[in-house]
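The values are calculated or read from the model by the stated rules, or taken from the named source; none is laboratory data. Note that the structure is a prediction, hence the values are computed from the model and not measured. Using ideal geometry, Cβ is built from the backbone for each residue, glycine included, and neighbour counts are taken over all protein chains shown.
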Amino acid sequence: MTQLLEVKGRNGTLVVTDKKIIIKRKGLVALINKGSASDKEIPIKNISAIEYFKGNMMVNGKIQFSVPGEVAVVKPGGFEENTIIFLKKQAAGFLKAKEMIEELKEKLEQESNQVVNQVSSADELKKFAELKEQGLITEEEFNAKKKTLLGL
């Protein structure tokens, strides 16, 4: 796990790694928010949405992470477990984190799709080899399909 970015907010710190995010809370904020000083880790592949509000002169900004199957729980004091509140002057760092997480999520999805495609191509090649052995396709048809599947 490689740490790529760390951004501090008002009620927590967001750490972005190559595989997950970590929401760190310390002190009283941690006790109010989680009941303990433990960190919240969310695998990037599990994040379904990121809500980002940069804030303005009247209202603090926030970044919130949605995870399928997880119910947003509001803790005493109005804290949400997957949300970090930040000052307007901290907004640029959280925007950078949001963009980085979205890029990492896309990259992880592409890698996952490539593995599926590779397995699928291998399975198809095996099926065509069986068809050739059964005499249902010719050697030439098999070789043509093999070149197509292997991208040759």
**OP:** Taking P76 as the residue in question, decide whether it is under 15 Å from the mean Cα position of the chain (by Cα) and at pLDDT below 95.
**Re:** no
**OP:** Could you list all residues from region 129-138 that are farther than 13 Å from L149 by Cβ and touching a residue at least 12 places away in the same chain (Cβ under 8 Å)?
**Re:** none
**OP:** Go through K96, K126, K45, K88 for me and flag whichever is surrounded by fewer than 17 Cβ atoms within 10 Å (Cβ to Cβ), modelled with pLDDT of 85 or more and closer than 30 Å to K146 by Cα.
**Re:** K126
Subject >> Unique match (being under 30 Å from E70 (Cα atoms), in contact with a helix residue (DSSP H, G or I) (Cβ under 8 Å, 6 or more places away or on another chain), in contact (Cβ under 8 Å) with a residue 12 or more places away in the chain and not in a loop (DSSP other than H, G, I, E, B)) among I85, I101 >> reply: I101
Original post:
So which residues in region 7-28 are surrounded by fewer than 17 Cβ atoms within 10 Å (Cβ to Cβ) and charged (D, E, K, R), if there are any at all?
Top reply: K8, R10, D18, K19, K26
